[in-house]
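Colleague: The structure follows.
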Amino acid sequence: MPANSTEPKAIANLPRMTRTEKLLAELIALPSVNPAFLPPRHPNAGEKRVADFLATVAARAGLEVEFHKVLPNRSNLIARLLPRNKIRRTILLAPHLDTVGADGTRFIPQRKNGRLHGRGACDTKGSVAAMLSALCELANTKSRPLETEIVFAGLVDEEHAQAGSRALAASGFKADLAIVGEPTKLRVVTAHKGSLWLELETRGKAAHGATPQFGKNAIREMARIVDLLETDYAAQLRKRKHPLLGVATVNVGTISGGAQPNIVPDHCSISIDRRTLPGETEMSVKKEIKNFLHAKNLPVRIAGKKLVPALPLETNLKLPLIQKFMKCVGQTRPIGVHFFCDAAILSADGIPSVVFGPGDVAQAHTADEWISLSELERGKNLLFRFLNSLP
């Protein structure tokens, strides 16, 4: 905790902990819910209290600390371990600081059966604790790298619009490898899907419900589109398969149309979630869907639903630093995951990126989120081994 703060009672009452577990418990006790999921000015909203706490931890370990403003009262935390000699390469450790929402009890860390429970335990404060603990431990050894700069970036807003990673990329920051913290069960992930939200609209002609023959029902047109997207279009997607990610998918998530039962609806809209594979873009997906529906004689207007699509990731496995990291982890084959994260944002800006961290994504966002303490400690040790092996 910062010098002018006291340790939370819930943490003080926990049994003896490792430094990494203690750091994670302290992080869980500091709510950092993404403001997008809470009412305005909610006391649990925002990453600032966590960023300030981590800045103190990093400074005490001798790291150079700075804040990069991203949004009002929300800044990325940057902590650097400089090498003894000239910088010849940079490694980025990039977990995110925000979480999804939870009731108040979820911010009280609880240890049960070798697990630590609480909001953010695995997504992704476990990665924050493992990464910063490894870096602080390295800073206090005599064998720290001579030519490799290591940067810890605690990013904001990953759970909503990824503003933190987008701001870091836009700032011109460069690195030779980014390890993005997410719960991967300590496996190195080199590919993940993207997510594109689109809104499809049909237009009809209003008429009295007693004489529907004089109108054109926009909902009926949309019903045909929904059926075709979930059947024929989904089948078309299944014909293209990525070796690590499988197939792209489409899901119709919402539908809205009409004004009242006795009026033929002249408007209907749906929102869809299209999970994308590496190589697919917003433009190519929109064109594909429009051509598919045009061939069925179904005119439709397509617009973007999210401000910026979440990009897919595919990183070259043969890059030497990635090979070195996988060897340190003891992994011979890459894996892919279906969720998306900040790795693709950094990768698109030219930073080779992988995803790695303790915890299982099956626990993320759940009512009883937890992380294995043995896995947390092993994750810290694996990261330290890799960082300590760098020249």
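Colleague: Out of all the residues in segment 359-391, which are open to solvent by 10 Å² or more (accessible area, probe 1.4 Å), part of a helix (DSSP H, G or I) and closer than 21 Å to Arg89 by Cβ?
Modeller: Selection gives Phe384, Arg385, Asn388.
Colleague: Oh, and also: Quick test of your reading of the structure: Lys305 fulfils all but one of (1) charged (D, E, K, R); (2) surrounded by 14 or more Cβ atoms within 10 Å (Cβ to Cβ); (3) at pLDDT 95 or above. Name the failing condition by number.
Modeller: (3)
Colleague: Please find, among Leu93, Leu155, Leu138, Leu198, the residue that is touching a His at 6+ places or on another chain (Cβ under 7 Å) and at negative phi.
Modeller: Leu155
Colleague: Suppose the filter is closer than 25 Å to Ala348 by Cβ and touching a Gly at 6+ places or on another chain (Cβ under 6 Å); does Leu311 pass it?
Modeller: yes
Colleague: Still on this structure, I have one more. Within segment 335-358, work out how many residues are within 21 Å of Ser195 (Cβ to Cβ) and either part of a loop (DSSP other than H, G, I, E, B) or touching a Lys or Arg at 6+ places or on another chain (Cβ under 7 Å) (or both).
Modeller: Number of matching residues: 10.
Colleague: Next question. What are the residue pairs meeting all of these: first residue in segment 242-255, first residue closer than 19 Å to Leu200 by Cα and at pLDDT 95 or above, second residue open to solvent by less than 80 Å² (accessible area, probe 1.4 Å) and of a type in the set (Lys, Arg), Cβ atoms under 6 Å, and 6 or more apart or on different chains?
Modeller: Ala248/Arg275; Thr249/Arg275; Val250/Arg274
Colleague: If you check Arg49, Arg60, which single one turns out to be under 23 Å from Leu168 (Cα atoms), surrounded by fewer than 23 Cβ atoms within 10 Å (Cβ to Cβ) and at pLDDT 95 or above?
Modeller: Arg49
Colleague: Checking Gly101 against (1) open to solvent by less than 20 Å² (accessible area, probe 1.4 Å); (2) not in a strand (DSSP E or B), only one condition comes out false. Which one?
Modeller: (1)
Colleague: Between a first residue in segment 164-176 that is within 24 Å of Leu390 (Cβ to Cβ) and a second residue that is among the charged types (D, E, K, R) and open to solvent by 40 Å² or more (accessible area, probe 1.4 Å), which pairs have beta carbons less than 6 Å apart while being 6 or more apart in sequence or on different chains?
Modeller: Filtered contacts from segment 164-176: Ala169/Asp349; Asp176/Arg89.
Colleague: May I pose another question? Give the residue that is farthest from Met222 (Cα to Cα), with candidates limited to residues of segment 232-261 that are part of a strand (DSSP E or B) and open to solvent by less than 60 Å² (accessible area, probe 1.4 Å).
Modeller: His242
Colleague: Condition check: surrounded by 12 or more Cβ atoms within 10 Å (Cβ to Cβ), modelled with pLDDT of 95 or more and more than 26 Å from Arg89 (Cβ to Cβ). Does Val337 satisfy that?
Modeller: Yes, satisfied.
Colleague: While we're on this one: Restricted to segment 270-296, and to residues that are farther than 15 Å from Val252 by Cα, not polar (S, T, N, Q) and not in a helix (DSSP H, G or I), which residue is least open to solvent (accessible area, probe 1.4 Å)?
Modeller: Leu277
Colleague: Might you check whether a residue that is free of Cβ contacts under 8 Å to residues at least 40 places away in the same chain, within 28 Å of His267 (Cα to Cα) and surrounded by fewer than 20 Cβ atoms within 10 Å (Cβ to Cβ) occurs anywhere in segment 199-211?
Modeller: yes
Colleague: Please verify whether Leu317 is among the hydrophobic types (A, V, I, L, M, F, W, C), touching a residue at least 12 places away in the same chain (Cβ under 8 Å) and over 30 Å from Arg385 (Cα atoms), treating the condition exactly as stated.
Modeller: No: the conditions fail for Leu317.
Colleague: Arg144: out of contact with any Gly (no Cβ under 8 Å at 6 or more places or on another chain), over 18 Å from Thr20 (Cα atoms) and either open to solvent by less than 20 Å² (accessible area, probe 1.4 Å) or not in a loop (DSSP other than H, G, I, E, B) (or both), yes or no?
Modeller: Taking the combined requirement at face value, the residue does not satisfy it.
Colleague: Quick check, is Ile219 open to solvent by 10 Å² or more (accessible area, probe 1.4 Å), of a type outside the set (Gly, Ala, Ser) and touching a Gly at 6+ places or on another chain (Cβ under 8 Å)?
Modeller: yes
Colleague: Also: For segment 104-136, which positions are closer than 22 Å to Glu377 by Cβ, in contact with a helix residue (DSSP H, G or I) (Cβ under 9 Å, 6 or more places away or on another chain) and either open to solvent by 40 Å² or more (accessible area, probe 1.4 Å) or polar (S, T, N, Q) (or both)?
Modeller: Ile108, Gln110, Arg111, Gly114, Arg115, Ser127, Ser133
The values are calculated or read from the model by the stated rules, or taken from the named source; none is laboratory data. Computed from a predicted model, the values in this text were never measured in an experiment. In this analysis, Cβ positions are derived from the backbone assuming ideal geometry, glycine residues included, and neighbour counts consider all displayed protein chains. Areas reflect the complete protein model, heavy atoms only, side chains present, ligands, DNA and RNA absent. Shrake-Rupley method; radii C 1.70, N 1.55, O 1.52, S 1.80 Å.
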